[in-house]
1. Applying the selection to the range 68-77, what residues are assigned to a helix (DSSP H, G or I) and open to solvent by 90 Å² or more (accessible area, probe 1.4 Å)?
2. Would you pick out the residues in the range 20-45 that are among the hydroxyl-bearing types (Ser, Thr, Tyr) and either open to solvent by less than 80 Å² (accessible area, probe 1.4 Å) or modelled with pLDDT under 90 (or both)?
3. Of the numbered conditions (1) modelled with pLDDT under 95; (2) within 21 Å of the chain's Cα centre (by Cα), Leu62 satisfies every one except a single condition; which is it?
Amino acid sequence: MQTRYPSRASGKYTMSLTTQELADFNHFATGKLTAGSAESIVELARQWEWERREFNETVAELRQGLADMEAGKGRPLAEFDAEFRKKYNLPPRDSK
């Protein structure tokens with residue numbers, strides 16, 4: 001299914017939209033409309049697209065972090081925590 005939304009650059013663009021994405025958008029839009037935080041359908045589409053992009057970027061970053069951790073990159077949280085607390089003169093963490 002193809003849905004057309006205006007673009008800032010050309011005034012028009014085509015965006016592929018699956019049935020599931022349409023259902024997701026409907027859920028998103030209904031929530032925004034119920035909360036009174038929607039000015040127009042175009043604004044809803046922009047907000048939805050921004051939130052989807054943010055979500056996808058966050059998931060990609062988390063996956064990269066997990067891959068780095070599995071590859072032995074980084075350092076243990078306890079080591080970082082101890083250094084951070086010492087640097088900022090914070091009390092030691094409870095060892096419960």
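The values are calculated or read from the model by the stated rules, or taken from the named source; none is laboratory data. As the structure is a computational prediction, the values presented were derived from the model and not from experiment. Protein only, heavy atoms only, side chains kept; ligands, DNA and RNA dropped before computing areas. Shrake-Rupley method; radii C 1.70, N 1.55, O 1.52, S 1.80 Å.
1. Here is the first cut: in the range 68-77, the residues assigned to a helix (DSSP H, G or I) are 68-70, 77.
Those that are assigned to a helix (DSSP H, G or I) and open to solvent by 90 Å² or more (accessible area, probe 1.4 Å): Met69, Glu70, Leu77.
2. The first filter runs over the range 20-45 and keeps only residues among the hydroxyl-bearing types (Ser, Thr, Tyr), leaving 30, 34, 37, 40.
Answer for the range 20-45, where residues must be among the hydroxyl-bearing types (Ser, Thr, Tyr) and either open to solvent by less than 80 Å² (accessible area, probe 1.4 Å) or modelled with pLDDT under 90 (or both): Thr30, Ser37, Ser40.
3. (1)
Conditions tested, residue by residue: (1) among the aromatic types (Phe, Trp, Tyr); (2) outside any helix (DSSP H, G or I); (3) at pLDDT below 90; (4) more than 22 Å from Gln20 (Cα to Cα).
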position: Gln47; (1), (2), (3), (4): no, no, no, no
position: Asn56; (1), (2), (3), (4): no, no, no, no
position: Leu66; (1), (2), (3), (4): no, no, no, yes
position: Asp81; (1), (2), (3), (4): no, no, no, yes
position: Phe84; (1), (2), (3), (4): yes, no, no, yes
